[in-house]
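**Student:** What follows is a structure written as structure tokens; I'll ask about it next.
The values are calculated or read from the model by the stated rules, or taken from the named source; none is laboratory data. All figures in this text were calculated on a predicted structure; none of them were measured in a lab. Cβ coordinates were reconstructed from backbone atoms using ideal geometry, including for glycine residues, and neighbour counts include every protein chain displayed. Surface areas here come from the heavy atoms of the whole protein model, side chains and all, with no ligands, DNA or RNA. Shrake-Rupley method; radii C 1.70, N 1.55, O 1.52, S 1.80 Å.
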Amino acid sequence: QLATEQEEERADLARDLHDEVSPFLFAVDVDATSIRQLAEGETLEPAAVATRADAIREAVAHMKKHVKSILGRLRPAVHLELGLANAIETLVASWQLRNPDVSFDVDVTDRSCGQKLDAEIHGIVREAISNAFKHANPTEIDVAVTRDADDDVRVLVRDDGGGLKPDSLSSGFGLVAMRERVTALGGTVDISNRDDKAGVSVDVRLPIRESYAAFDGSEDPGGKS
């Protein structure tokens, strides 16, 4: 299951490169060729050259934005060095860039849960958002990561899409690997259709100390400060 999801993610990245970057690479090549032709012509028209140069700059800016988005999905650890909140905001920005009609509401604790658990939380949010777009056609997605009175972690991702079919509640929706990983960390997962409106709710609870014990027997490095 996990290998299949990784293959699907790589396929998504490849499609994004093809759909969002390749056309602009072609446009840059065409404009650069036009500039050379203008320069080699008998009459050089500065305005025409400037227009082509501006088009190249716009295309490059677009490609930089999308390449940054793709790299953010490939290398979450880089963003995690700047904190979990920053990493999730970067992840959400990459999805919103490709889906501008979808609105996000993000509320993530500024406190680190420790490097290992931060990475797991980031993966949970990434998987929940990915599956919402794959299966639910949402217009709104809410992401919340909080630490409760017992200082444990709650990850809540909700969308307003079409909801889960009955046979997806236990075996489908691409969330089986997430459920298994959270269970191994001593946590719980509740994946269900929302009660308040159409859509899916992914509600994950992770006891920090038990989760770190599942990693390597260590305790929560995030502390209770």
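**Student:** Taking Thr43 and the conditions (1) open to solvent by less than 40 Å² (accessible area, probe 1.4 Å); (2) out of contact with any Lys or Arg (no Cβ under 8 Å at 6 or more places or on another chain); (3) modelled with pLDDT under 85, which numbered condition does it fall short on, given that it satisfies the others?
**Tutor:** Tallying (1) open to solvent by less than 40 Å² (accessible area, probe 1.4 Å); (2) out of contact with any Lys or Arg (no Cβ under 8 Å at 6 or more places or on another chain); (3) modelled with pLDDT under 85, Thr43 fails exactly one: (1).
**Student:** Under the condition of being in a loop (DSSP other than H, G, I, E, B) and of a type in the set (A, V, I, L, M, F, W, C), which residue from the stretch 175-211 is farthest from Asp118 (Cα to Cα)? Show your work before the answer.
**Tutor:** So in the stretch 175-211, the residues in a loop (DSSP other than H, G, I, E, B) come out as 175, 185-187, 194-199, 207.
Now narrow it down to the ones that are of a type in the set (A, V, I, L, M, F, W, C): 175, 185, 198.
Values: Leu175: 19, Leu185: 13, Ala198: 29 Å.
Per the stated criteria, the residue is Ala198.
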